[in-house]
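Everything below concerns the one structure shown next.
The values are calculated or read from the model by the stated rules, or taken from the named source; none is laboratory data. Keep in mind it's a predicted model, so treat the numbers as computed, not measured. We place every Cβ from the backbone using ideal geometry, glycine too, and count neighbours over all the protein chains shown.
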Amino acid sequence: MIQDIYPKKLNNSYNPAAKVNDNSLIVVHDAGKFLLKIDEDNATIAFPTVKDLKDYNNYIYLFQVSGEEFFYAPDFDKEKDVIPDGFDFYTMKQLRNYYLNPKHYVFASYTAIQLIDWYEANRFCGKCGNKNELSKTERALVCPSCGHVRYPRINPAVIVGVRNGDKLLLTKYRTGFAHNALVAGFTEIGETIEETVEREVLEETGLHVKNITYYKSQPWGIASDILMGFYCDVDGDDTISMDESELKYAQWVSREDIELQPLEYSLTNEMMKQFKDGIK
């Protein structure tokens, strides 16, 4: 999966005292795109460094991966600030089109977008409207007027592999991601994770389930998610009644006929592969 970067390791502890140096890696974000250097022939990816960005000098510490520190450039203006030679802006979707190395830079992009979305969406206090400031002690935004403290939020969501004997329930979204997927959805207020599994399967396919068993989790920064994977079995009638507003496909598929996603980045794909290989 995308977070499997061993022997590299993410250290997401906030370090308010961290200072940039010439080799610090900088995350520049503009309207859902990252400033990167991608060599398609060699399948490599690189972030700009401080020395690449010349006169720009406002940075927020994000995290480190095995000693490499990543900082965010919150005020970078692509119309005014210098874009280094060989760099361009790429969407998150472009980063998922093919494997790029080093892999931990792709994972860093997925992790950074979650923090950057949070910083950009919380520039002003949600209680009194004044401009927030960075906390001096922790990863938080503090309102200097009313004192309200805002922390990053993570959205719990489920991925569900529904089994029917030797068949797995596969879906495809009506819009967006074009490859096979599993039932998925966000946990709602007052709901347990197991109740989320039951509700999402019922809403999307009209099926009832039993034997809900946890498999594995995955951070998914694009939607600020923590995805939790579950397997379960259909309970009773296996007739599918698909939610056509969300899905364009929902079918029982035999193990040998399961078509996996093109890249092994997602929890969804790993769960489909586990079933296809007879492990789950």
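Taken together, the residues in segment 4-32 that are crowded, with 18+ Cβ neighbours inside 10 Å and among the polar types (S, T, N, Q) amount to 1. Taking only pairs six or more apart or across chains, which ones have beta-carbon atoms under 6 Å, a first residue in segment 66-85 that is within 23 Å of ALA18 (Cα to Cα), and a second residue that is of a type outside the set (Phe, Trp, Tyr) and assigned to a loop (DSSP other than H, G, I, E, B)? Final answer for the pair search is SER66/LYS8; SER66/LYS9; GLU69/SER24; PHE71/VAL20; PHE71/SER24; ALA73/VAL28; ASP75/ASN58; PHE76/VAL28. If you scan segment 32-50, which residues turn out to be within 12 Å of TYR90 (Cβ to Cβ), among the hydrophobic types (A, V, I, L, M, F, W, C) and not in a strand (DSSP E or B)? PHE47 - this is the single residue of segment 32-50 that is within 12 Å of TYR90 (Cβ to Cβ), among the hydrophobic types (A, V, I, L, M, F, W, C) and not in a strand (DSSP E or B). You will find that of LEU170, LEU227, the residue that is touching a residue at least 60 places away in the same chain (Cβ under 8 Å), closer than 29 Å to LEU10 by Cβ and not assigned by TED's automatic domain parsing to the domain that holds LYS93 is LEU227 and no other. For segment 232-280, the set of residues classified as polar (S, T, N, Q) and not in a loop (DSSP other than H, G, I, E, B) consists of GLN251, SER254, THR268, ASN269, GLN274, listed by residue number. In segment 136-200, counting only strands (runs of 3 or more DSSP E) that sit wholly within it, the ones holding 3 or more residues that are β-branched (Val, Ile, Thr) and touching a helix residue (DSSP H, G or I) at 6+ places or on another chain (Cβ under 7 Å) span 155-164.
If the condition is being surrounded by 13 or more Cβ atoms within 10 Å (Cβ to Cβ) and touching a residue at least 40 places away in the same chain (Cβ under 8 Å), then segment 132-151 contributes LEU134, SER135, ARG139.
What number of residues within segment 117-135 are among the basic types (Lys, Arg) and assigned to a strand (DSSP E or B)? Within segment 117-135, residues that are among the basic types (Lys, Arg) and assigned to a strand (DSSP E or B) number 1.
Looking at ALA157, ALA181, ALA140, ALA223, just one residue is farther than 30 Å from PHE63 by Cα, under 22 Å from the mean Cα position of the chain (by Cα) and of a type in the set (Gly, Ala, Ser), and that residue is ALA181. Please work out if LEU170 is within 30 Å of TRP252 (Cα to Cα), buried (at least 20 other Cβ atoms within 10 Å of the Cβ), at pLDDT 95 or above and out of contact with any Ser or Thr (no Cβ under 6 Å at 6 or more places or on another chain). Against the criterion (within 30 Å of TRP252 (Cα to Cα), buried (at least 20 other Cβ atoms within 10 Å of the Cβ), at pLDDT 95 or above and out of contact with any Ser or Thr (no Cβ under 6 Å at 6 or more places or on another chain)), LEU170 qualifies.
Of the residues PHE70, PHE76, the single one that is over 26 Å from LEU267 (Cβ atoms), surrounded by 12 or more Cβ atoms within 10 Å (Cβ to Cβ) and assigned by TED's automatic domain parsing to the domain that holds ASN101 is PHE76. Looking at LEU207, LEU202, LEU247, LEU267 in this structure, which one is under 25 Å from ASP117 (Cα atoms) and either of a type in the set (A, V, I, L, M) or surrounded by fewer than 18 Cβ atoms within 10 Å (Cβ to Cβ) (or both)? From the options LEU207, LEU202, LEU247, LEU267, the qualifying one is LEU267.
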